[in-house]
1. For the stretch B:119-133, state whether one or more residues are farther than 21 Å from A:Gly458 by Cβ, of a type in the set (Val, Ile, Thr) and within 14 Å of chain A (Cβ to nearest Cβ).
2. If you go through the stretch A:62-80 one residue at a time, do you hit one that is surrounded by 17 or more Cβ atoms within 10 Å (Cβ to Cβ), in a helix (DSSP H, G or I) and touching a residue at least 40 places away in the same chain (Cβ under 8 Å)?
3. Mind listing just one residue for me: the one in the stretch A:423-448 that is crowded, with 19+ Cβ neighbours inside 10 Å and within 14 Å of another protein chain (Cβ to nearest Cβ) and, of those, nearest to B:Ile121 (Cα to Cα)?
4. Restricting the search to the stretch B:11-28, which residues are among the charged types (D, E, K, R), farther than 15 Å from A:Lys442 by Cα and at pLDDT 85 or above?
5. Are there any pairs, at least 6 apart or on different chains, whose C-beta atoms fall under 6 Å, with the first in the stretch B:26-41 and facing another protein chain (nearest Cβ under 7 Å) and the second assigned to a loop (DSSP other than H, G, I, E, B) and of a type outside the set (Val, Ile, Thr), and if so, which?
6. Identify, please: which residue in the stretch A:329-349 is more than 14 Å from every other protein chain (Cβ to nearest Cβ) and touching a strand residue (DSSP E or B) at 6+ places or on another chain (Cβ under 6 Å) and is, among those, farthest from A:Val463 (Cα to Cα)?
7. Only one of A:Met253, A:Met242 is within 14 Å of another protein chain (Cβ to nearest Cβ) and touching a strand residue (DSSP E or B) at 6+ places or on another chain (Cβ under 9 Å); which?
Amino acid sequence: MNKPLEASKWSAQETGAEQWQREFAASVASDKPTCNRSGIAIKPLYTPQDWHGDYATDLGYPGQPPYTRGIYASMHRGRTWTQRQLIGLGTPRDYNARLLDMIAQGTTAVSLIPCNSVFRGYDMDEVHAELLGTCGVVVNTVEHMDQCLEGVDLARTSCAMNDPTPFGLLALMLATAKKRGVDWSKISGTSNQSDYLSHFVANHMFFRIALPGARRILIDHIEFCQQRLPNWNPVSVVGQHMQQAGATPAEAMAFTLCSAIQYAEDCAARGMAPDTFLPRFTFFFDISVSLFEEIAKFRAGRRIWGRITRERFGARDPRSWRFKFHGQTSGVDLTRQQPLNNIARVTIQAMAGIFGGLQSLHTDAYDEALSCPTEFGARIAVNTQNILREEAHLTDVIDPLGGSYYIEALTDEMEQKILAVMAQVDAAGGMYRAVEQGLPQKMIGESARSFQERIGSGQQTVVGVNAYQVEEGRSDRQALPTPDPEKMRAHIAAFQAYKARRSQAAVQAAQDGLAAAANDPRQNIFARVVEAAEAGCTHGEICATLRRELGFGQPLIVV
Amino acid sequence: MTTHPPKVLITKIGFDGHDRGSRVVASFLRDAGMEVVYTPPWQDIPAVVKLAMEEDVDVIGLSSLATDHLIVPKLMQALNAAGLKDIAVIVGGIVPDADESMLLEAGVAKVFHPGSGLDEIAAEVGRLADARRAVSV
């Protein structure tokens, strides 16, 4: 009869929490402390004891400050994320065929990746011919842009141009639109890669013009877009480069927010009111396979940006507070070994971004660690998104992990970690000064090295690389065909013919106007870039003029 | 035989600027006691040849993420023409299998693919440097 009494006496002595502690310790003899990539200690269990926030002030409803749960009331339930796959290969004709094919498969927005020669700011007749079109489309003139976008309704299709300072590809697109009679106010899309600081820090690919010139052109570009392209996002602040270069997720978020603050301050210094430019700021992030950490990173970043725009810049328009971001699954996480495993990695990364509340997503192809992705790999990447959306129904519930003790505690801890790094940058005088001093470069280099060493020591498993290896022969996979040299020669010949037949006087006048604007702070350089494109100047000529007038930038390398 | 540490030039030629791989490898080799000459990306081939000669490096390590390995054979020709055939060249990065054979035929000593260990890379650089010194002594 007294057995139940004993039981209740026992439970009065030991709480459920204590019992769990004891049983956990007994069954997991040597539980090692674990840390996520940002260095936050991860506990084995999270309970109400781990989150003391207030629903209304710390989480709130989607579409309302503090935006922890998403920037729109309806989020993916109302409108799914944009499926934006990067493509770019070969000649403009090759690109156009691939683009129309991707649109037929469900891609809903255009993205244009130019050849690396274009990124560096050179025309096709200035570079090693072997490299042309191997990693992006060779687009140098308004004719090329017209060919790239043939069959695409520019008034109705959002276009992302991978287009760093001085935004020559956008200029070529505007010239194309004018030729087609499309009103510029209808043009929508984003100047991806407009974040010159991220290029300087982490991905030196596009570093064509010295920092002060790049700084001025960005603000000129923002001002121009504000006046002429109301549906264009002139600023995409890029955390992706920095995380790919080795920054931890918390560091990448912190540096990105600091760059955004820098650009907002530069706009304000130009006399623009915050609510005129902040609604057009967008962000672009890397999504690693560290699932919960990435979700927390995005939720924390969104909350911090909402606060900064309101408190630091005094923005009153809710559109200024919204942290709109594009996510790309991390290529660094992908392996050459057993490459099909990458499909699983990309799926997890994509889920992290979706649960993190992204607005647009690029999923990497499984074969990116082998070479530029094949069409086969790209189709699986697109279908991964289709599966997550339409088979797994990830769009059904808004912020489905909100309220998880773990996610909320981790969101708070990531926020603290991010704010600590931001304080370091602030102490250095803001992101521009910090970058000049090499602070982010140094931190990113150290994080990259330490992550590599964790893989080397086996602390961080990478399946197929340091664990679960199998004997693998050479892959029998067809390498992506390199552009047909014959076609590329014809492309170069047509380019030279184009240069010969355009109005040399108009080209010269436009180049002179561009050079004059570069030396006259009262003029808008980007407006002159657009005029140069309309006058028939090539992309490389525009870059060359600005490189000459504003100085070629040398990166500050910190090893 | 080796009286001073291996000397290696870590660089990138062509148009790509992704330099995480080259920075991590350079800092590891430096901390492993080697003498490392490091350049920013986008070096011209003549500039690499000149630097290799002036610095008298034992090994050139080229990092390639985005197809820049396709112009490595041009670098090999330029090194040969400059009488620097004894400098070993290694390539690390995204190199499709078919292109690896092309690089080895062009005289590249070794191609490291993603997932290669830093220790493994350091050991190979050390071995290649020793081999060069053994011949030149």
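1. Filtering the stretch B:119-133 down to residues farther than 21 Å from A:Gly458 by Cβ leaves B:125-133.
Filter again for of a type in the set (Val, Ile, Thr), leaving B:125.
Retained after the next criterion (residues that are within 14 Å of chain A (Cβ to nearest Cβ)): none.
Within the stretch B:119-133, none of the residues are farther than 21 Å from A:Gly458 by Cβ, of a type in the set (Val, Ile, Thr) and within 14 Å of chain A (Cβ to nearest Cβ).
2. yes
3. If we filter the stretch A:423-448 for residues that are crowded, with 19+ Cβ neighbours inside 10 Å, which is where we start, we get A:425, A:431-432, A:434-435, A:439-441, A:443-445, A:447-448.
Imposing the further condition that a residue be within 14 Å of another protein chain (Cβ to nearest Cβ) reduces the set to A:440-441, A:443-445, A:447-448.
Values: A:Pro440: 27, A:Gln441: 24, A:Met443: 24, A:Ile444: 22, A:Gly445: 19, A:Ser447: 20, A:Ala448: 17 Å.
Only one residue tops the list, namely A:Ala448.
4. We begin by selecting, within the stretch B:11-28, every residue among the charged types (D, E, K, R); these are B:12, B:16, B:19-20, B:23.
Those still in the list that are farther than 15 Å from A:Lys442 by Cα too: B:12, B:16.
The one that is among the charged types (D, E, K, R), farther than 15 Å from A:Lys442 by Cα and at pLDDT 85 or above: B:Lys12.
5. Hits for this filter: B:Pro40/A:Pro555; B:Pro41/B:Lys12; B:Pro41/B:Gly17; B:Pro41/B:Asp19.
6. So the first thing to find is which residues in the stretch A:329-349 are more than 14 Å from every other protein chain (Cβ to nearest Cβ), and the list is A:329, A:340, A:343-344, A:346-349.
Cutting the leftovers down to touching a strand residue (DSSP E or B) at 6+ places or on another chain (Cβ under 6 Å) gives us A:329, A:346, A:349.
Working: A:Thr329: 17, A:Val346: 14, A:Gln349: 16 Å.
Checked the stretch A:329-349; the qualifying residue farthest from A:Val463 (Cα to Cα) is A:Thr329.
7. Values: A:Met253 fails: within 14 Å of another protein chain (Cβ to nearest Cβ).
One residue alone meets the criteria, A:Met242.
Results for (1) out of contact with any Asp or Glu (no Cβ under 7 Å at 6 or more places or on another chain); (2) touching a residue at least 40 places away in the same chain (Cβ under 8 Å); (3) surrounded by fewer than 19 Cβ atoms within 10 Å (Cβ to Cβ), shown as yes or no for each residue.
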residue: A:Phe376; (1), (2), (3): yes, no, yes
residue: A:Gln385; (1), (2), (3): yes, yes, no
residue: A:Arg389; (1), (2), (3): yes, yes, no
residue: A:Thr395; (1), (2), (3): yes, yes, yes
residue: A:Asp399; (1), (2), (3): yes, yes, no
residue: A:Gly402; (1), (2), (3): yes, yes, no
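The values are calculated or read from the model by the stated rules, or taken from the named source; none is laboratory data. Small disclaimer: the values here were computed from a predicted structure and weren't measured. In this analysis, Cβ positions are derived from the backbone assuming ideal geometry, glycine residues included, and neighbour counts consider all displayed protein chains.
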